[in-house]
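J.: Following this message is one structure expressed as structure tokens.
Please treat every number below as a calculation from the coordinates, not as lab data. Remember, it's a predicted structure, so these values are computed and weren't measured experimentally. Cβ atoms come from the backbone with ideal geometry, glycine included; neighbour counts cover every protein chain shown.
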Amino acid sequence: MKAVGFTYAGTANIVLRNLGMNGAMVVRVESSKRPCNLRTAQPYKDALPGLNRSGYFALYNNDRFSLALDLKHTGASPIVKRLVEWTDILVENFSPGTVQRLGLDYEQVKKINPEIIMLSISQQGRPVPTPSCPGTGAHCRDWAESAA
């Protein structure tokens, strides 16, 4: 089994970890412009902060390959297409609407790989009750305002 993750943080990475721990070959795609937030989480090797020094990141990402790719760059498209052709499972957890803007929504990836299984995870589900909330944390201004 092969899995590709277009992920930023949180639950999608846990899904990828479980797939990897159960034998899947996993490739995680992240951007060097916006690396995973776990890369900056303590503790650090030798107590020295750095992008590739987080023990927390190493713990949750030790079972996969990693690829830095700017999905908005025009040169990314052929690489993304090859990954979608190659994989069995695609996991994403971007803010709602992002995969559509990138051309990576289920309808588009299904055209490339008709057998693909896609898991889209968002903090508030879909459709999104508060569209401007990115869903990477427990608090959101829109949620707080609507609850008031």
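J.: Treat each spin label as a single point 7 Å out from the Cα along the C-beta direction, and report the residue 21 to residue 51 distance in nm.
T.: Each label point is offset 7 Å from its Cα along the Cβ direction, giving 2.8 nm.
J.: Taking 0.36 nm per residue of sequence separation and subtracting the Cα-Cα distance, how much length would be gained by fully extending the chain between residue 72 and residue 110, in nm to one decimal? Please report the intermediate quantities before stating the final value.
T.: Values: separation 38, 0.36 × 38 = 13.68 nm, distance 2.01 nm.
Roughly 11.7 nm would be gained on extension.
J.: In sequence order, what are the phi-derived ³J(HN,Hα) couplings for segment 34-45 according to the Karplus relation 6.51 cos²θ - 1.76 cosθ + 1.60 with θ = phi - 60°, rounded to whole Hz, with x for glycine and proline?
T.: Once rounded to whole Hz, the list reads 9, x, 3, 5, 5, 5, 10, 8, 6, x, 9, 4.
J.: Another one. Between residue 26 and residues 5 or more places away or on another chain, which pairs have amide H atoms under 5 Å apart, with H built 1.01 Å from N, and which residues are they?
T.: 3, 65
J.: May I pose another question? Rounded to whole Hz and in sequence order, give me ³J(HN,Hα) for segment 76-86 from the Karplus expression 6.51 cos²θ - 1.76 cosθ + 1.60, θ = phi - 60°, writing x for Gly and Pro.
T.: Residue by residue, segment 76-86 yields 6, 3, x, 5, 4, 4, 4, 4, 5, 4, 6 Hz.
J.: Could I have the simple spin-label model distance between residue 82 and residue 100, label points 7 Å from Cα toward Cβ, reported in nm to one decimal?
T.: The modelled label-to-label distance comes out at 3.0 nm.
J.: Moving to a separate point now. Using θ = phi - 60° and the Karplus form 6.51 cos²θ - 1.76 cosθ + 1.60, what ³J(HN,Hα) does each residue of segment 60-71 get, whole Hz, x for Gly and Pro?
T.: Whole-Hz 3J(HN,Hα) from phi for segment 60-71: 8, 10, 7, 10, 8, 8, 10, 9, 8, 8, 7, 5.
J.: Most exposed first by the Cβ proxy, i.e. fewest other Cβ within 10 Å, how do 19, 119 rank?
T.: By the 10 Å Cβ count, ascending: 119, 19.
J.: Return the long-range amide H neighbours of residue 118 (sequence gap of 5 or more, or a different chain), with a cut-off of under 5 Å between placed amide H atoms.
T.: 90
J.: In addition: If the cut-off is 26 Å between C-alpha atoms, which lysines fall inside it for residue 33, apart from same-chain ones fewer than 8 positions away?
T.: Cα-Cα hits under 26 Å: 2, 45, 72, 81.
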